[in-house]
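Please read the structure below before turning to the comments.
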Amino acid sequence: MGLKRVFMIGLAVLALASGLAHAGEGKFSAEVFGDVYWVAADHDSAIEDMNGLWFRRINLTYDHTFDDAFSARIRLEAMTPGDFKSKELMLTFVKDAWIKWTSGNQNVLLGLSPTPTWSLVEDMWGLRAIEKVPAELQRLGASRDMGIAGLGYFDAGKKFGYHAMVGNGNAQVGETDAKKKGYLGLRYRPTEAWGIEVYGDYEDRIDSGDRRTIHGFAGYKAAKLRVGLQYIDQLRKETGEDVELRILSGWIEKAVTDKTWLYARVDRNFDANPEGNRIAYIPFDPTAPNYFILGGVDFWVRDNIDFSPNVEVVVYDEPEIAGLPTPDTDVIPRFTFHFTF
């Protein structure tokens with residue numbers, strides 16, 4: 001069923017793109033990244049010493065410009081499950097399906113489009129092929145939602161911007177209730193290199209309690225240096241005791257040659273994440289706060305091809321539940337590959 005689904009979706013996108021090509025300008029693009037990995041040590045002995053190759057993303061995108069006011073995007077995405085259990089074919093789904101209206105510095109998107117949750121942070125991080133940004137890694141939100149979004153600038157100089165959205169709150173999954181999620185990110189770009197944002201969202205949930213997320217972020221992204229600092233706080237209203245997840249993350253990336261970058265990042269996860277064991281490719285112990293540490297070197301052999309030996313380490317505190325042993329440290333060396341065309 002997986003192969004048939006991929007084939008049918010691909011045919012549909014190609015047919016649609018072929019039709020659109022007669023009504024404006026369009027282009028196809030692709031991005032692929034994954035790792036050769038080894039779970040050298042882990043809190044879960046069941047996956048310790050596992051190794052192999054996986055694809056964390058395969059994106060096929062068609063962008064179309066109808067005229068100066070209207071444009072659209074359709075993107076398909078596939079990936080290896082990354083749960084160390086599944087032997088099924090790659091997961092394949094529609095990642096983007098939106099139409100955008102543009103007028104000056106203002107844009108309105110309708111459909112399945114990027115959320116404001118970490119769009120600026122990810123752009124400033126610049127190493128999505130290496131790892132997700134902290135909020136996405138810890139499953140505190142979704143990169144996409146179905147709804148209507150507005151983004152643009154309050155001023156002609158493009159220093160004060162915003163990204164707002166009202167969506168289903170279900171990412172790519174269909175809506176089954178009347179509950180919705182609201183997002184708002186306010187941004188300040190004093191120069192092209194600097195990005196500062198305050199962000200908040202509120203999700204009205206029907207089953208497991210409402211959630212609200214806030215973050216503050218400041219980043220610097222220049223030709224030879226990138227630095228970022230982010231604090232995130234998510235409150236989950238539960239039937240019993242509320243759950244709060246707080247993260248402080250900082251990173252630095254430095255070009256040592258025209259084609260070589262060094263990078264390091266530390267995420268301080270102040271609270272145990274109850275969904276930690278569901279994090280793909282690097283499951284966290286769900287009982288203990290921790291430090292997530294990432295470091296590596298990125299070699300660009302061409303403008304659109306890079307290879308990066310790196311290592312991810314998770315060091316755990318004592319569990320929040322008394323009497324449980326402190327989880328063993330996770331260590332995953334990887335050789336990451338990434339190319340676009």
Original post:
Expressed as a whole percent, how much of the Cα-Cα distance distribution for the chain exceeds 28 Å?
Top reply: 47
Original post:
So how strong a dipole does segment 112-184 carry about its Cα centre when Lys and Arg Cβ are +1 and Asp and Glu Cβ are -1, to the nearest 20 debye?
Top reply: 60
**OP:** Return one whole number: the accessible area per residue of segment 85-147 in Å², for a 1.4 Å probe.
**Re:** 40
Subject >> Between helix 2-20 and the chain: long-axis angle, C-alpha atoms, 0 to 90°, nearest 10 >> reply: 30
Original post:
Taking the Cα centre of each part, how many Å lie between segment 224-253 and segment 117-131?
Top reply: 14
Original post:
If you project the alpha carbons of segment 156-288 onto the principal axes, what extent comes out on each, in Å, largest first?
Top reply: 52, 42, 25
Subject >> Residue with peak Gaussian network fluctuation, the chain [Cα springs, cutoff 10 Å], from Ile321, Ile214, Ile279 >> reply: Ile321
Original post:
Between the DSSP loop rule and a limit of at most 15 other Cβ atoms within 10 Å, which GluC sites (Glu not before Pro) in segment 42-91 are left?
Top reply: Glu48, Glu88
Original post:
In debye, nearest 20: dipole of segment 155-195 around its Cα centre with unit charges on the Cβ of K, R (+) and D, E (-)?
Top reply: 120
Original post:
Could you give the dipole magnitude of the chain about its Cα centre, charging the beta-carbon of Lys and Arg +1 and that of Asp and Glu -1, in debye to the nearest 20?
Top reply: 1180
Original post:
Do any chymotrypsin sites (Phe, Trp or Tyr not before Pro) in segment 110-162 lie in a loop, going by DSSP, with at most 15 other beta-carbon atoms within 10 Å of their beta carbon, and if so which?
Top reply: Phe154
Subject >> Listed residues Arg302, Arg278, Arg212, most fluctuating in the chain (Gaussian network, C-alpha, under 10 Å) >> reply: Arg302
**OP:** Would you work out which of Leu186, Gly157, His43 lies farthest towards the positive end of the dipole of the chain, given +1 charges on the beta-carbon of Lys and Arg and -1 on that of Asp and Glu, about the Cα centre?
**Re:** Gly157
Original post:
For segment 41-127, what's the relative contact order in percent, using C-alpha pairs closer than 8 Å and at least 6 residues apart?
Top reply: 20
Subject >> Extension gain from Val311 to Ile214, taking 0.36 nm per residue of separation minus the Cα-Cα distance >> reply: 32.0 nm
**OP:** Pop out the Kirkwood hydrodynamic radius of segment 153-212 from its pairwise C-alpha distances, inverse of mean 1/r, in Å to one decimal.
**Re:** 13.3
**OP:** Please tell me the relative contact order of the chain in percent, rounded to the nearest whole number, where contacts are Cα pairs under 8 Å and at least six residues apart.
**Re:** 13
Original post:
What aspartates and glutamates could a cross-link reach from Lys27, if we take a straight Cα to Cα line under 20 Å and drop same-chain neighbours fewer than 8 places away?
Top reply: Asp63, Asp67, Asp68, Glu77, Asp96, Asp303
Subject >> For the chain, built as a Gaussian network whose Cα springs stay under 10 Å, the top-fluctuating residue of Gly161, Gly209, Gly296 >> reply: Gly209
Original post:
So what is the relative contact order for segment 181-227, in percent, with contacts set as C-alpha pairs under 8 Å and at least six apart?
Top reply: 33
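The values are calculated or read from the model by the stated rules, or taken from the named source; none is laboratory data. Owing to the predicted nature of the structure, the values given are computational and were not obtained by experimental measurement. Note that each Cβ is placed from the backbone with ideal geometry, even for glycine, and that neighbours are counted across all protein chains shown. What goes into the accessible areas is simple: the full protein's heavy atoms, side chains included, and nothing from ligands, DNA or RNA. Shrake-Rupley method; radii C 1.70, N 1.55, O 1.52, S 1.80 Å.
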